[in-house]
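The values are calculated or read from the model by the stated rules, or taken from the named source; none is laboratory data. Computed from a predicted structure; not experimentally measured. Positions of Cβ are generated from backbone atoms using ideal geometry, with glycine treated the same way; all protein chains shown enter the neighbour counts.
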Amino acid sequence: DTITVRMSDRTEFTAELVGQDDRTDVALLKIEASNLPHVKIGKSSEVRVGEWVLAIGSPFGLEHTATHGIVSAIGRNLPNENYVPFIQTDAPVNPGNSGGPLFNAKGEVIGINSQIYTRSGGYMGLSFAIPIDVAMNVVEQLRSTGKVTRGYLGVYLQPVTADLARSFGLDKPRGALVAQVQPDEPADKAGIKPGDIILEFDGHVIEQFHQLPLLVGQTPVGKTVQIKVLRDGKEQTLTASIGQLDDVVATTEKISTLGLTLKPLTDRQKAELNVSYGLLVEAVSEGVAARAGVRPNDILLEVNNQPMTSKDDLRAAIRAADKTRPLAVRLLRNGQPMFLAIKLN
């Protein structure tokens, strides 16, 4: 495929893809040119709630459209976006704005417009931008190595609710509750256990659970860090050596973010449906499968032409899949066969 970059004066250049990072949806392109106009990069770490911002993009193909608003929130966490603390604004953003700059009042780029929350397909007052500090960190890694390396701890987390805080003896909801620990991964080797509440990571106080994946991801691989946890009502400090979030781990994470509760069909169900294999969808939570249209009581028959006899078959199919292409899922719904495409990225 050919990538073409078109400037504001409609001059076009053929671009080379230096690298891309699916977790932040940021890519680095290279073009052969000189004396190009450029923007001034600001610091998203200095962004404050309430300041004015300007978004520029091409909503619905309408080029060079500028809209304005204010910063509504910073450090916003979105479902399945663990590595980006989004800047939330009320600047009108619509399909086609994605990838456009978000400026502050000084004319500095503080973010890259990324997505919106909508029930209608259009703007509803909730727009989200990737902080420019995060984007530039990705760019520097892509420029130097062609890929992005992130730290990895090996835990599944959940928020600490008010009721859970009382159960664990906390004065208020804070920290990140460890729901599961991956065997033989850094957290397991450090002695972290399910039920621990992580209060501090490498000197950073954890107020909200979604802070932790970002902090871990930004930690250099191999670094030794101190982790303060609450266990049985007492605080203790553990030491962990940060691992690397590699492709295998990423695939495992994507399986969990499908948001499906599955179980194999019984012999009776197979006979009633006249199939020899399949996985029953018992529940669908927020995730890529829900966005693709998977519903409770659907029967997953095949993924990328691979029969689904167990959840291990699903994991294997995802590991073997071309991550740049959606999964082709064949299923039964109310006895009728159909296909859906599930985008992992």
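In segment 126-153, of all residues being surrounded by fewer than 15 Cβ atoms within 10 Å (Cβ to Cβ) and either assigned to a loop (DSSP other than H, G, I, E, B) or among the basic types (Lys, Arg) (or both), the one that is modelled with the highest pLDDT corresponds to Arg143. Here is the figure for segment 13-48: residues that are without any contact (Cβ under 8 Å) to a residue 24 or more places away in the chain and of a type in the set (Val, Ile, Thr) total 1.
Among the criteria (1) hydroxyl-bearing (Ser, Thr, Tyr); (2) over 19 Å from Gly96 (Cα atoms); (3) free of Cβ contacts under 8 Å to residues at least 40 places away in the same chain, the one Thr149 does not fulfil is (3).
For segment 208-227, the criterion of a residue being modelled with pLDDT of 95 or more, surrounded by 21 or more Cβ atoms within 10 Å (Cβ to Cβ) and more than 23 Å from Val148 (Cβ to Cβ) is satisfied by at least one position. The residues of segment 48-61 that are part of a loop (DSSP other than H, G, I, E, B) and either modelled with pLDDT of 95 or more or surrounded by fewer than 11 Cβ atoms within 10 Å (Cβ to Cβ) (or both), listed by number, are Arg48, Val49, Gly50, Glu51.
Determine whether Val71 is in contact with a Lys or Arg (Cβ under 9 Å, 6 or more places away or on another chain), modelled with pLDDT of 95 or more and surrounded by 10 or more Cβ atoms within 10 Å (Cβ to Cβ). Yes; evaluated as a whole, the condition is true for this residue. Evaluated against (1) in a strand (DSSP E or B); (2) outside the structural domain of Ile130 (by TED's automatic domain parsing), Thr67 falls short on exactly one condition, (2).
For segment 281-307, which residues satisfy the criterion of being over 26 Å from the mean Cα position of the chain (by Cα) and either in contact (Cβ under 8 Å) with a residue 40 or more places away in the chain or at negative phi (or both)? Before the answer, list the steps.
Of segment 281-307, the ones over 26 Å from the mean Cα position of the chain (by Cα) are 297, 299, 301, 305-307.
Selection gives Ile299, Leu301, Gln306, Pro307.
Checked against (1) outside any strand (DSSP E or B); (2) modelled with pLDDT of 90 or more; (3) under 22 Å from Arg325 (Cβ atoms), Val18 passes all but condition (1). Quick one: is Ala91 over 19 Å from the mean Cα position of the chain (by Cα), buried (at least 21 other Cβ atoms within 10 Å of the Cβ) and within 23 Å of Val47 (Cα to Cα)? Criteria met by Ala91. Once segment 79-124 is narrowed to residues that are farther than 21 Å from Gln218 by Cα and hydroxyl-bearing (Ser, Thr, Tyr), the residue that is modelled with the lowest pLDDT is Ser120. Take segment 176-192 and flag every residue that is in a loop (DSSP other than H, G, I, E, B) and either among the hydrophobic types (A, V, I, L, M, F, W, C) or at pLDDT 95 or above (or both). Correct list: Gly191, Ile192.
A count restricted to segment 4-19 and to residues that are touching a helix residue (DSSP H, G or I) at 6+ places or on another chain (Cβ under 6 Å) and not β-branched (Val, Ile, Thr) stands at 1.
Here Leu344 clears all of (1) under 22 Å from Gln20 (Cβ atoms); (2) surrounded by fewer than 16 Cβ atoms within 10 Å (Cβ to Cβ) except the condition numbered (2).
Among the residues in segment 192-203, are any out of contact with any helix residue (DSSP H, G or I) (no Cβ under 8 Å at 6 or more places or on another chain), without any contact (Cβ under 8 Å) to a residue 24 or more places away in the chain, under 21 Å from Val134 (Cα atoms) and surrounded by fewer than 16 Cβ atoms within 10 Å (Cβ to Cβ)? For segment 192-203, residues out of contact with any helix residue (DSSP H, G or I) (no Cβ under 8 Å at 6 or more places or on another chain), without any contact (Cβ under 8 Å) to a residue 24 or more places away in the chain, under 21 Å from Val134 (Cα atoms) and surrounded by fewer than 16 Cβ atoms within 10 Å (Cβ to Cβ): present.
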